[in-house]
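One structure is given below, encoded as structure tokens.
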Amino acid sequence: MPSPGKLIVFEGIDGTGKSTQLSLLGQVLGERGLPVLSTCEPTDGVYGRRIRALYRNRESISRLDELQLFLADRREHVQDCIVPALAAGKIVLCDRYFLSTIAYQGAAGLDPAAILQQNSFAPVPDLALLFQAPAATGIARITGRRGEILNDFEQKDALAKVAEIFASLDYPYIRRIDATESIAAIHTAVVKAVEDILHLYQLR
């Protein structure tokens, strides 16, 4: 039987470089011959596409209905992608997971503890890399470096509340990453955190 895999999730407000760091880590692990699956939430499935449509029209549904979309997307993702990959012994790298739902939907007025309970079906991560930077930094990167227009989930006041909730989370699998550093420095911190989980010491 294949050995159980590991679930490593990348969390934080928008503009903290999660996607970049996930890609860099995936390259390093792949170069070391480790089986890696990179994925993200929202997914490209039916529910994930409905969530992405809210980026420009978040007020089209209630916050409770919005939460149900995230939960439905995650159930499908867990069942069809994450659990099979873990059972096959893969290292799953996921850009956003249930901590993001706690933070973003919590910032929208829902109870973070209740959100966590409703995500009890989702496997607990072996490691959650929580990228931390001020909301202003994330917004500057989105609008400056990326040249993008802020979507409905990326507005300044909302992101500040999201950052506060992320900062309040205290679970043993969380490792906080200073996302104000350079890409190279952040990558070094990510690799160190992953080394501790995977018990590998030559990932660089």
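The values are calculated or read from the model by the stated rules, or taken from the named source; none is laboratory data. None of these values were measured; they are calculated from a predicted model. Counting neighbours? That spans all protein chains shown, and the Cβs are built from the backbone with ideal geometry, glycine included.
One residue is enough: does segment 62-74 have a residue meeting the conditions among the hydroxyl-bearing types (Ser, Thr, Tyr) and closer than 21 Å to residue 19 by Cβ?
Here is the first cut: in segment 62-74, the residues among the hydroxyl-bearing types (Ser, Thr, Tyr) are 62.
If we keep only those that are closer than 21 Å to residue 19 by Cβ as well, we get none.
For segment 62-74, residues among the hydroxyl-bearing types (Ser, Thr, Tyr) and closer than 21 Å to residue 19 by Cβ: absent.
Listed conditions (1) assigned to a helix (DSSP H, G or I); (2) more than 13 Å from residue 96 (Cα to Cα); (3) of a type outside the set (D, E, K, R); (4) touching a residue at least 60 places away in the same chain (Cβ under 8 Å) are all met by residue 22, apart from (2). Of all residues in segment 29-49, those satisfying the criterion of being surrounded by fewer than 18 Cβ atoms within 10 Å (Cβ to Cβ) and part of a helix (DSSP H, G or I) are 30, 31, 46, 49. The residues listed here are 88, 108; of these, the one that is among the hydrophobic types (A, V, I, L, M, F, W, C), more than 29 Å from residue 178 (Cα to Cα) and surrounded by fewer than 22 Cβ atoms within 10 Å (Cβ to Cβ) is 88.
Only one of 61, 102, 82 is over 25 Å from residue 198 (Cβ atoms), touching a residue at least 40 places away in the same chain (Cβ under 8 Å) and β-branched (Val, Ile, Thr); which? Reasoning before the result, please.
Details: 61 fails: touching a residue at least 40 places away in the same chain (Cβ under 8 Å); 82 fails: over 25 Å from residue 198 (Cβ atoms).
Exactly one residue qualifies, and that residue is 102.
Just to be sure, is residue 16 in a loop (DSSP other than H, G, I, E, B), surrounded by 19 or more Cβ atoms within 10 Å (Cβ to Cβ), within 12 Å of the chain's Cα centre (by Cα) and hydroxyl-bearing (Ser, Thr, Tyr)?
Numbers: in a loop (DSSP other than H, G, I, E, B): yes; surrounded by 19 or more Cβ atoms within 10 Å (Cβ to Cβ): yes; within 12 Å of the chain's Cα centre (by Cα): yes; hydroxyl-bearing (Ser, Thr, Tyr): yes.
Yes, satisfied.
Residue 186 passes every criterion in (1) at pLDDT below 95; (2) in contact with a Gly (Cβ under 7 Å, 6 or more places away or on another chain) apart from (1).
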